[in-house]
Amino acid sequence: MKMQLSKTMTLVTGANGALGLAICRAIQAEGGNIIATDVHASPNQNLKLDADDQYISADLTSAEHIKQLWRSFEAGNVCVTGIVNNAGAGLTKPVGDILESEVDLLLSVNVKAPFFMSQYAIKHFRDTQAQGNIVNIGSVGWHLKLLGLHDEQTCHCRYDAKLGC
């Protein structure tokens, strides 16, 4: 079944990772536009941005940074109609070796960021009177590493089939 995504603007967090790239491609393939975000300063070379698409480097571990991100949409009259909270962090080392700072990062990326991104998205949808959708993927990325699906090409093959892109 084909989705009708024309005239939509979907914000995708964790856009530089394999799953984020596949999500962006699937949205674009259905005629939607994206605002791709990631902690990295520049987009992954495999992320193709159309004229109406954007890439924004964003630190989503801070509620203040998230607030500033959403304020930038308001200031630029950008009407976000959907959000995919895809950013995730994980650790693949023994529990006894994990530091408190690493746990703080995990909680910030996997719990705090989706919560505040969703909170601001709901406010944005209400303020702009846009019908919006929120998809929270959770911390899937580290599972891919455990399954041996950490290289980009393998992840694309696996998710391309599921997402139809």
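The values are calculated or read from the model by the stated rules, or taken from the named source; none is laboratory data. As the structure is a computational prediction, the values presented were derived from the model and not from experiment. Counting neighbours? That spans all protein chains shown, and the Cβs are built from the backbone with ideal geometry, glycine included.
Taking the stated definitions as given, is residue 34 modelled with pLDDT of 95 or more, in contact with a helix residue (DSSP H, G or I) (Cβ under 8 Å, 6 or more places away or on another chain) and assigned to a helix (DSSP H, G or I)? No: the conditions fail for residue 34. Is it fair to say residue 64 is of a type outside the set (Ser, Thr, Tyr), modelled with pLDDT of 90 or more and farther than 27 Å from residue 126 by Cβ? Criteria not met by residue 64.
Within the stretch 98-112, none of the residues are at pLDDT 90 or above and touching a strand residue (DSSP E or B) at 6+ places or on another chain (Cβ under 6 Å).
Yes or no, residue by residue, for (1) more than 26 Å from residue 7 (Cα to Cα); (2) crowded, with 16+ Cβ neighbours inside 10 Å:
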{"residue": "37", "(1), (2)": "no, yes"}
{"residue": "48", "(1), (2)": "no, no"}
{"residue": "58", "(1), (2)": "no, yes"}
{"residue": "72", "(1), (2)": "no, no"}
{"residue": "86", "(1), (2)": "no, yes"}
{"residue": "94", "(1), (2)": "yes, no"}
{"residue": "105", "(1), (2)": "yes, no"}
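Residue by residue through the stretch 58-102, note down the ones that are farther than 22 Å from residue 133 by Cα and not in a loop (DSSP other than H, G, I, E, B). Correct list: 64, 95, 96, 97, 100, 101, 102.
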